[in-house]
Amino acid sequence: MASLPRSVLVVGSGGREHALVRALLRSPSRPRVIAAPGNAGIADDVPCFPIAADQIEGLVSLAQKEKVEFVVVGPEVPLSLGLVDRLSTLGIPAYGPKADGARLEASKIYTKEILQKYRIPTAAAAFFDSADAAIAYVRSRPAPIVIKADGLAAGKGVIVAQTHAEAEAGVRTLLALPGQGRPGKILVEDCLTGEETSLLVVVSGRDYIILPTSQDHKRIGDGDTGPNTGGMGTYSPAEVVTPALLEQIDREIVRPSVDGIAAEGIDFRGTLFIGIMLTPEGPSVLEYNTRFGDPETQVVLPRVSSDVLDLLWSAAIGKLSQHDLQVRPEHALCVVIAAKGYPEAYPKGDVIQLPAPLPPQITVFHAGTARNGAGQVVTAGGRVLGVTAIGSTLPAAAEAAYAICDQVVCSSKYFRRDIGAKQLKRQ
Ligand code: AMP
Ligand code: GLY
């Protein structure tokens, strides 16, 4: 085992970062952990500093001032703004790719080019920067058809159009999306069907470790209805990914992705999150993200029983092959509690009361929470809490998580009732 850093800064403020903080605090080496900016729950665990995740210079100064020996970056925005590049020039190791690697998430056209170049299974697609050409292409393909904005769009950049009319409207909407460069760029992509799975892969150059499988629930409503969100709940393992299927995914997708990224000259050290559609023709890549998933992390990390600090540190310093990943056999399930109205407008500042004490198999990860002037925990974002339960079976985990969700008191509380239902039905 490499000698471990004694102090770690976690960047971000979501449920994912709370799960990272908790996992790092479990390290037998007992590191000092701090966070920026954190949230109300993270601040109960570790010191938090009010520097937003996109304030690159502020974060760099904080890392120097606090003499942190390691930075773990949660969200995509600081990665694509080059936080890890800056830290690296100062000799501060970080977990997360530099801006060149983060482009794999920040540009869907770039990702598609990499997937095509290295013959990794993915939907056929074409790229456009004008509505006329895109619409002519849309009309030449069967509906449903998928329109995607090229750049980061906070979950609003993908339209799965059921009809040609919807697709044509989608082309115009996404070409006009702000922050996409001028003229805006879009992809028009064939629609895939099947179940989705999120594969989190810890990558360090050409070495990698596939973390336990999980499945997210992206739509706001029960039965996968309504608009897409950042993710409303997860469970792990995703048994739809059988050992044989995982081997196929490793051979056809993970290995060629990692090798392709390295062949492009990118020294990727961080999480490659591969969104995969399990189509009748085989697994196919929907997207890469270059960070841990949220809320995938809230079920994946609690199942890792080896030292997560050692895992991330080994990846950052190029010694990943020395980490021996250990996974608990139990099932984990996370239900996201959101503010009613999310992913559209929602209220903030509603007081949250959690049941206490929590049973030992429950962890409540905070996401959009803050403290008001009276010191009460209040809602401060769309996704508010992630209630994770560990159980010897998935039904046991689901029952335990939902029992807590029902006891959380908050006037704007909303959550899906069917997290894990697909797998439960299969059993
Ligand atoms: P992405 O941000 O690319 O993962 O897209 C967000 C969501 O849109 C995915 O999780 C899928 O549910 C859906 N999606 C993306 N691409 C496709 C596709 N080619 N076919 C069907 N659904 C898709
Ligand atoms: N839960 C999906 C994501 O983190 O992008």
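The values are calculated or read from the model by the stated rules, or taken from the named source; none is laboratory data. Predicted model, so just to flag it, every value in this text is computed and none were measured. In this analysis, Cβ positions are derived from the backbone assuming ideal geometry, glycine residues included, and neighbour counts consider all displayed protein chains. Ligands, DNA and RNA are excluded from the accessible area calculation, which covers all protein heavy atoms including side chains. Shrake-Rupley method; radii C 1.70, N 1.55, O 1.52, S 1.80 Å.
The condition of being of a type in the set (A, V, I, L, M, F, W, C) and under 27 Å from Ser314 (Cα atoms) holds for only one of Val201, Val240, that being Val201. In the range 157-177, the condition of being in contact with a Leu (Cβ under 6 Å, 6 or more places away or on another chain) and under 30 Å from Asp250 (Cα atoms) is met by no residue.
Residues are listed down the side, and each one gets a yes or a no for (1) within 16 Å of ligand 2 (Cβ to nearest atom); (2) among the β-branched types (Val, Ile, Thr); (3) surrounded by 20 or more Cβ atoms within 10 Å (Cβ to Cβ):
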{"residue": "Ala244", "(1), (2), (3)": "no, no, no"}
{"residue": "Asp250", "(1), (2), (3)": "no, no, no"}
{"residue": "Asp259", "(1), (2), (3)": "no, no, no"}
{"residue": "Asp267", "(1), (2), (3)": "no, no, no"}
{"residue": "Thr271", "(1), (2), (3)": "yes, yes, yes"}
{"residue": "Pro280", "(1), (2), (3)": "no, no, no"}
{"residue": "Phe292", "(1), (2), (3)": "yes, no, yes"}
{"residue": "Val300", "(1), (2), (3)": "yes, yes, yes"}
{"residue": "Pro329", "(1), (2), (3)": "no, no, no"}
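Within the range 111-156, being in a loop (DSSP other than H, G, I, E, B), charged (D, E, K, R) and open to solvent by less than 50 Å² (accessible area, probe 1.4 Å) holds for one residue alone: Asp150. For Lys156, the criteria (1) within 12 Å of ligand 1 (Cβ to nearest atom); (2) more than 15 Å from Ala125 (Cα to Cα); (3) at pLDDT 95 or above hold in every case but one, which is (3). Residue count for the range 374-427, restricted to those that are more than 21 Å from Val351 (Cα to Cα), of a type outside the set (A, V, I, L, M) and crowded, with 19+ Cβ neighbours inside 10 Å: 2.
Pairs meeting the criteria (first residue in the range 268-288 and touching a residue at least 40 places away in the same chain (Cβ under 8 Å), second residue among the acidic types (Asp, Glu) and away from ligand 2 (no atom under 16 Å from the Cβ), beta carbons under 7 Å, at least 6 apart or on different chains) are Pro283/Glu252. Please tell me if Leu9 is touching a residue at least 24 places away in the same chain (Cβ under 8 Å) and more than 18 Å from the chain's Cα centre (by Cα). Judged against the criteria, Leu9 is a match.
Consider the range 199-248. How many of its residues are among the acidic types (Asp, Glu), without any contact (Cβ under 8 Å) to a residue 60 or more places away in the chain and more than 16 Å from ligand 1 (Cβ to nearest atom)? Outline the logic, then answer.
The initial filter retains those residues of the range 199-248 that are among the acidic types (Asp, Glu), namely 207, 216, 222, 224, 239, 247.
From what is left, the residues that are without any contact (Cβ under 8 Å) to a residue 60 or more places away in the chain are 224, 247.
Among the residues that remain, those that are also more than 16 Å from ligand 1 (Cβ to nearest atom) are: 247.
Residues flagged as among the acidic types (Asp, Glu), without any contact (Cβ under 8 Å) to a residue 60 or more places away in the chain and more than 16 Å from ligand 1 (Cβ to nearest atom) within the range 199-248 amount to 1.
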